[in-house]
Amino acid sequence: QVQLVESGGGLVQAGGSLRLSCAASGNIFSIDTMGWHRQAPGKQRELVARVTSDGSTNYADSVKGRFTISKNNAKNTVYLQMTSLKPEDTAVYYCYAPRIVTIRGPQNDFWGQGTQVTVSS
């Protein structure tokens, strides 16, 4: 069974940095796109950033220039380096893989359990 497991959340002061990691485990042949979404209290879940196996990236406007997403294809792991954090970045951050090729064939919509990021002012 494929699982996405996040780590690296926590409490940080405004202006600080955090690095999130998400490792996919299980009988995986390949993962093209991996990304991060976040959900703040009372708000809808939103895309933060995503990266493909060839290194193409997309970022939400609110995090451009502050966050960097990267992917280790050999380890099926995605990272989110967050700098210059703001209180409005406070949210639960979820790792996401829209499609994973497994021994059972391609399967869709994998989410991690979420990791809390809290930025104090």
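The values are calculated or read from the model by the stated rules, or taken from the named source; none is laboratory data. Everything numeric here is computed off the predicted structure, so don't read it as measured data. Every residue, glycine among them, receives a Cβ derived from its backbone with ideal geometry; neighbour counts consider all protein chains shown. The protein model used for the area step is the full one, side chains on, heavy atoms only, and it has no ligands, DNA or RNA in it. Shrake-Rupley method; radii C 1.70, N 1.55, O 1.52, S 1.80 Å.
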Query raised in the report: Looking at S25, S56, which one is closer than 16 Å to V5 by Cβ, among the polar types (S, T, N, Q) and either in contact with a strand residue (DSSP E or B) (Cβ under 6 Å, 6 or more places away or on another chain) or open to solvent by 40 Å² or more (accessible area, probe 1.4 Å) (or both)?
Result: S25
Query raised in the report: Name the residues in the stretch 40-56 that are closer than 27 Å to T118 by Cβ and over 12 Å from the mean Cα position of the chain (by Cα), would you?
Result: A40, P41, G42, K43, Q44, R45
Query raised in the report: Mind checking whether some residue in the stretch 50-72 is outside any strand (DSSP E or B) and touching a residue at least 40 places away in the same chain (Cβ under 8 Å)?
Result: no
**Report entry** Residue selected from the stretch 76-99 under the condition within 15 Å of the chain's Cα centre (by Cα) and in a loop (DSSP other than H, G, I, E, B), by the criterion surrounded by the fewest Cβ atoms within 10 Å (Cβ to Cβ)
**Finding:** T83
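Take the residues in the stretch 1-14 that are out of contact with any Lys or Arg (no Cβ under 8 Å at 6 or more places or on another chain) and farther than 15 Å from C95 by Cα, then tell me which one is modelled with the lowest pLDDT. Write out each step before concluding.
Initial filter on the stretch 1-14 (out of contact with any Lys or Arg (no Cβ under 8 Å at 6 or more places or on another chain)): 1-7, 9-13.
Applying the additional criterion that residues be farther than 15 Å from C95 by Cα yields 1, 10-13.
Details: Q1: 88, G10: 97, L11: 98, V12: 98, Q13: 98.
Once the filter is applied, the top-ranked residue is Q1.
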